[in-house]
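The block underneath contains the structure these notes are about, expressed in structure tokens.
No value in this document is a laboratory result; all are computed from the given coordinates. Note that the coordinates shown come from a computational prediction; the quantities given were computed from them, not determined experimentally. Reconstructed Cβ throughout: ideal geometry from the backbone, glycine too, with neighbour counts over all protein chains shown.
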Amino acid sequence: MTPHTLQFMPSAGFRARSKAVVDNPFLRQSFRGAMDFLMSKRAAQFPDTEELESLRTLGESIRQYNLAKLPTLLEQLEANLTRNGIQLHWAETPDEANAIILSICQKHSAKLMVKGKSMVSEEIELNHAAEAAGIGALESDMGEYIVQLAGEKPSHIIMPAIHKTKEEIARLFHEKVPGVDYTDNVDALIQIGRNVLREKFREADIGLSGVNFAVAETGTLCLVENEGNGRMCTTAPPVHIAVTGIEKIVEKLEHIPPLLSLLTRSATGQNISTYFNMISSPRKAGEKDGPNEVHLVLLDNGRSQAYADEQLRKTLQCIRCGACMNHCPVYTRIGGHAYGTTYPGPIGKIISPHMLGLEATSSMATASSLCGACGEVCPVKIPIPELLMRLREEAFTAPHANPAMRGQGAGYSRLMTGIWRGWAAVYRSPGLYRMVSWLGSRFGWLMPSNQGAWTTVRVPLRPAPKRLRDMLRERG
Amino acid sequence: MSARDRILAKLKAANAAPAALPDVAGWYATHRVQEDAVAKTKRFRQCIELAHAETYAVSRGGWLQKLWEVLSAKQIGNLLVAPGTAHGARAQAELPALGIACPAYDQPIENWKEAMFRDTPAAFTSARAAIAETGTLILWPDANEPRLMSLVPPVHIVLLDTAHIYNTFYEAMRQEGWASGLPTNALLISGPSKTADIQQTLAYGAHGPKELVVLLIGDEQ
């Protein structure tokens, strides 16, 4: 099996990776086309502005209500899952989550795990851990299967292989899947994947999935998907392990329909996904299929840090639709891999710092035009631009005691702070401003022609030889 | 202290202020119309056909004839049935005489997994209900009609009584009282399996059924 070649990467490489994509016209065209497609599909699903706004308000209130009760709901979920026969496990870190999953695999002497789509399993790098333990971990979502064959990570949380053309996938299948001739016919390519993966669903010892919503009052795990691979993973193998973040809980079953409607329409512009799978127990006596064991692993991994702060808590409202990425001018130009994190785009910028610390992610918050598109399309109204401003403050102000975030002040620089303080002082004092602007107009020619990143694509900045006030005075 | 206790302690320490209970019922009451049976059936058919399913209106007594016609047109001579259900038993009693073999899903999957994956071209199940708004079938698999019937065979044929079509998902779960008891696995199905993961090109039959056929029993038809 091809190992993943990408790991979480520190922000130091962010600029270089972004530049590599921006310099590649083919990739830029590919992302532009894909995002335009997804944006128009979403727009077509929400023709009624009033309905969209009222549904977003309802979605926001559902997420905020459930987050406000999160500790209680986790305990209620635990009680009801246990009553239903589903085994619950808690993990604070990715290593703990991997250890739990692998111990279940080892208990069953598992050799092959088939995986449905799960961004949390990407977050904990489960595939690496499984393969190190001698257990094959095979992605079965078609897009995830493609990126796994290519030795990559997903570049989008909903469309993992959105960066690849059918020709690239055709070459990949021809090279990596035994006995497959080159074809770039999409139906034929899907059939190749289907045939390979069907054998694996039948053989697998363990099926792993994510969870879109966990319902506390009924002890139910809900999964949204189109392909049926999620159902295969949760039904065909004898053991099903689900893994999810602690925030994906709703108290009541009736909270699901509005969130499901917002999710599928925002993500792929579908009225509803092909399958909505609601799992409430392992196989019961007399039933002829379904796993004999169902496990749920609840992962923290920095979410409790976001939860502790009232403003940052809004990050956890996310239902992982990916609409913010599709509408983000930065994501559209650099693609998902440039971020170097499991979650790219606007949601990645606000959730990754809690998972990886600001030391590794401080530059992500600055990679935003703050145009507000992400906040406008978010189906549950996460104020992403406002959170990006907060993260900039956390990353770039001087370190202090009792910070709200791990790595607070990681991007702090005395020089930069001094420059901004000087800038503020000039603009606060009319006398100082007059003096500086006079000096600028007289000595602007001294400005260097190389001004770093600015002059790589623009002409050098030089103050005008005459100030506006001088020109107005001359006019009388 | 366990990971559980540490996580819960951190969350409880946040002392999050309570938030108002969302008015889901109010939203549906003001944003979704209640349609009559004919309109609901029409909307359901439009939506599920847009999702690439085939639908056929059948009479309460005549569905078996249409089932046979569908199978014959698709040149399927082998249909997996659930003999513990009334419709499965009728299919098993009458279709073999018309040239369609009807093996029964009557033993645990472990005993015949390979045959299920390799030699089962089609399966026949019922739907408990449906949702007009999204063209969605509600399946409620149980000991008699197991989960894999609607997933593994390349063709899935479903019998739906149009008297059980709801306007919305919300209406279905509220009127049927799902919150007080869900089965092992409840399913919403809105078309055959599909994916657009390769260059945003829609393709059917990704992992589950390539074809979904719905036989709609309704007196009004």
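Take each residue of peptide B:124-137, count the partner chain Cβ atoms within 10 Å of its Cβ, and average: the result is 2. Over the residues of chain A, the helix contribution to mean residue ellipticity at 222 nm works out to -15000 deg cm²/dmol, using -39500 (n - 2.57) for each DSSP H run of at least 4.
Per-residue Karplus couplings for region B:82-96, computed as 6.51 cos²θ - 1.76 cosθ + 1.60 with θ equal to phi - 60°, are listed in order as 10, x, x, 10, 5, 5, x, 5, 5, 4, 5, 6, 10, 6, x Hz, Gly and Pro entered as x. Annotation for region B:176-209 versus region B:1-77: alpha-carbon center distance of 10 Å. Test of the criteria: in region A:77-163, which trypsin sites (Lys or Arg not before Pro) are in a DSSP loop and have at most 15 other Cβ atoms within 10 angstrom of their Cβ? Counting only loop positions with at most 15 other Cβ atoms within 10 Å, the trypsin sites (Lys or Arg not before Pro) in region A:77-163 are A:K111. Using a ≥ b ≥ c from the Cα gyration tensor of region A:333-453 (square roots of the eigenvalues), is it rounded, prolate or oblate, where a/c under 1.5 gives rounded and otherwise the larger of a/b and b/c decides, a/b for prolate? Because a/c hits 1.5 or more and a/b exceeds b/c, region A:333-453 counts as prolate.
Residue order for B:H87, A:H327, A:H108, fewest other beta carbons within 10 angstrom first, comes to A:H108, B:H87, A:H327. Taking a sphere under 14 Å around the Cβ of A:T366 and counting the other residues whose Cβ falls inside, with K and R at +1 and D and E at -1, yields a net charge of +2.
Only Cα pairs under 8 Å and 6+ residues apart enter the sum, and on that basis the relative contact order of chain A stands at 19 percent.
Direction-averaged projected area, Cα convex hull, chain B: 17.6 nm², rounded to one decimal. Taking other Cβ atoms within 10 Å as a rough exposure proxy, A:Y331, B:Y28, A:Y275 sort from fewest to most as B:Y28, A:Y275, A:Y331. With pairing defined as another cysteine C-beta under 4.7 Å, the cysteines of chain A that fail it are A:C105, A:C222, A:C233, A:C318, A:C321, A:C328, A:C371, A:C378.
Highest GNM mean-square fluctuation among B:L160, B:L67, B:L148, for chain B modelled with Cα contacts below 10 Å: B:L148.
When the pairs A:K248/A:K288; A:K41/B:K194; A:K252/A:K288 are compared against a 22 Å limit on Cα-Cα distance, A:K248/A:K288; A:K252/A:K288 fall above it. Loop-resident chymotrypsin sites (Phe, Trp or Tyr not before Pro) (DSSP state other than H, G, I, E or B) in region A:160-227 with no more than 14 further Cβ atoms inside 10 Å of their Cβ: A:Y182.
Cβ crowding within 10 Å, taken as a proxy for footprinting-reagent exposure, orders A:R32, A:R406 from fewest neighbours to most as A:R32, A:R406. For the options B:N78, B:N185, B:N111, a Gaussian network treatment of chain B with springs between C-alpha atoms closer than 10 Å singles out B:N111 as fluctuating the most. In this rough spin-label picture, where each label sits 7 Å from Cα along the Cβ direction, the A:T397-B:Q107 distance is 7.0 nm.
How many angstrom separate the Cα center of region A:264-321 from the Cα center of region B:109-171? So the separation of the two Cα centres works out to 23 Å. Counting lysine pairs in region A:64-156 whose alpha carbons fall under 27 angstrom apart, excluding pairs fewer than 8 residues apart on the same chain, gives 5. Each Lys and Arg adds +1 at its Cβ and each Asp and Glu adds -1 at its Cβ; summed about the Cα centre, the protein assembly as shown shows a dipole of about 3120 debye. The 3J(HN,Hα) values that the Karplus relation (6.51, -1.76, 1.60; θ = phi - 60°) gives for region B:177-189 are, in residue order, x, 4, 4, 8, x, 10, x, 3, 8, 9, 10, 10, 10 Hz. Gly and Pro appear as x. At q = 0.13 Å⁻¹, what is the base-10 log of I(q)/I(0) for region A:85-218 according to the Debye formula with one equal point scatterer per Cα and no solvent? Please give it to two decimals. Debye output, listed in q order: -0.60. Each DSSP beta bridge with both residues in chain A is either parallel or antiparallel, and the antiparallel ones are about 25%.
For region A:321-333, the Karplus equation 6.51 cos²θ - 1.76 cosθ + 1.60, evaluated at θ = phi - 60°, returns couplings of 8, x, 4, 5, 5, 4, 9, 8, x, 6, 4, 4, 8 Hz by residue, with Gly and Pro reported as x. In plain terms, if you count all Cα to Cα distances in the protein assembly as shown and split them into 20 Å steps from zero, the share in each step is 17, 49, 25, 7, 2, 0 percent.
Round to the nearest 0.05 the FRET efficiency obtained for A:Y182 and A:Q106 when R0 = 30 Å and r is the Cβ-Cβ distance.
The computed FRET efficiency comes out at 0.15.
Summing charges over all other residues whose Cβ lies under 14 Å from the Cβ of A:S266, with Lys and Arg as +1 and Asp and Glu as -1, gives +3. In a reduced charge model with +1 at each Lys and Arg Cβ and -1 at each Asp and Glu Cβ, region A:57-129 shows a dipole moment near 400 debye about its Cα centre.
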